[in-house]
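S.K.: Just passing along the structure, written as structure tokens.
Throughout, read-outs are computed from the coordinates displayed, never taken from laboratory work. Computed from a predicted model, the values in this text were never measured in an experiment. Here the Cβ positions follow ideal geometry from the backbone for every residue, glycine too, while neighbour counts run over all protein chains shown.
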């Protein structure tokens, strides 16, 4: 089957349009990472600043579990998944997880209620996933 130059040009244009559409549809992943980064920041603040313990655990559970369930449902419903996204996001997840653990380990119980500790700690915890989200958005 012979393809004319016009047909080839049209096919290439349709391919580029489809690639652009897929790229736009896969931008959800950057938002996904950003929402989780913000969630970790809020969770860090709640666990460090809310007192007493029962209230701290209740508020964190009421905020965290619906966030995780909602984000998983949202992710499953997406039509396009960016190639290599999991591999690219892994350092952000690991970094945020490690920094979150360190912030809690160092901050509880010694710094409970001390905003001068927990506000910067929350910012530091957010950074790895926030950077991963920013990098995904720029792709």
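S.K.: Normalise the Cα radius of gyration of the chain by 2.2 N^0.38 Å (N = residues in it) and let me know the number. Show your work: numbers first, answer last.
M.R.: Numbers: Rg = 20.8 Å, N = 139, 2.2 N^0.38 = 14.3 Å.
Taking the Cα Rg and dividing by 2.2 N^0.38 Å, one obtains 1.45.
S.K.: Now for a separate question. In degrees between 0 and 90, to the nearest 10, how far off the longest principal axis of the chain does helix 5-25 point, with axes built from Cα atoms?
M.R.: It works out to around 10 degrees.
S.K.: Something else now. If I take R0 = 30 Å and measure r between the Cβ atoms of residue 81 and residue 17 in this structure, what FRET efficiency does the formula 1/(1 + (r/R0)^6) give, to the nearest 0.05?
M.R.: According to the calculation, E is roughly 0.95.
S.K.: Please list, by residue number, everything in the stretch 86-101 whose backbone N is under 16 Å from a paramagnetic label point 7 Å out along Cα→Cβ of residue 123.
M.R.: none
S.K.: What's the angle, to the nearest 10 degrees (0 to 90), between helix 28-49's Cα axis and the longest principal axis of the chain?
M.R.: In the chain, helix 28-49 runs at an angle near 0 degrees to the longest axis.
S.K.: Something else now. Roughly how many Å is it from the Cα centre of the stretch 68-91 to that of the stretch 111-139, as a whole number?
M.R.: Distance between centres, Cα-based: 20 Å.
S.K.: Mind giving me the nanometre distance, one decimal, between the label points for residue 137 and residue 10, set 7 Å out from Cα along Cα→Cβ?
M.R.: 3.9
S.K.: Need one word for the stretch 51-98: rounded, prolate or oblate. Basis is the Cα gyration tensor (sqrt eigenvalues a ≥ b ≥ c); a/c below 1.5 gives rounded, then a/b vs b/c decides.
M.R.: oblate
S.K.: Mind sorting 131, 69 by how few other Cβ atoms lie within 10 Å of their own Cβ, fewest first?
M.R.: 69, 131
S.K.: Just want to confirm a number: the relative contact order over the stretch 27-138, from Cα pairs under 8 angstrom separated by 6+ residues, in percent.
M.R.: 53
S.K.: Rank the residues 135, 87 as a footprinting-exposure proxy: fewest other Cβ atoms within 10 Å of their Cβ go first.
M.R.: Least crowded to most crowded, the residues run 87, 135.
S.K.: Can you show me the helix-derived [θ] at 222 nm for the chain, built from DSSP H runs with n ≥ 4 at -39,500 (n - 2.57) apiece and divided by the number of residues, rounded to the nearest 500.
M.R.: Rounded to the nearest 500, the figure is -28500 deg cm²/dmol.
S.K.: Could you state the angle between the C-alpha long axis of helix 115-138 and the longest principal axis of the C-alpha atoms of the chain, as a value from 0 to 90 degrees rounded to the nearest 10?
M.R.: 10
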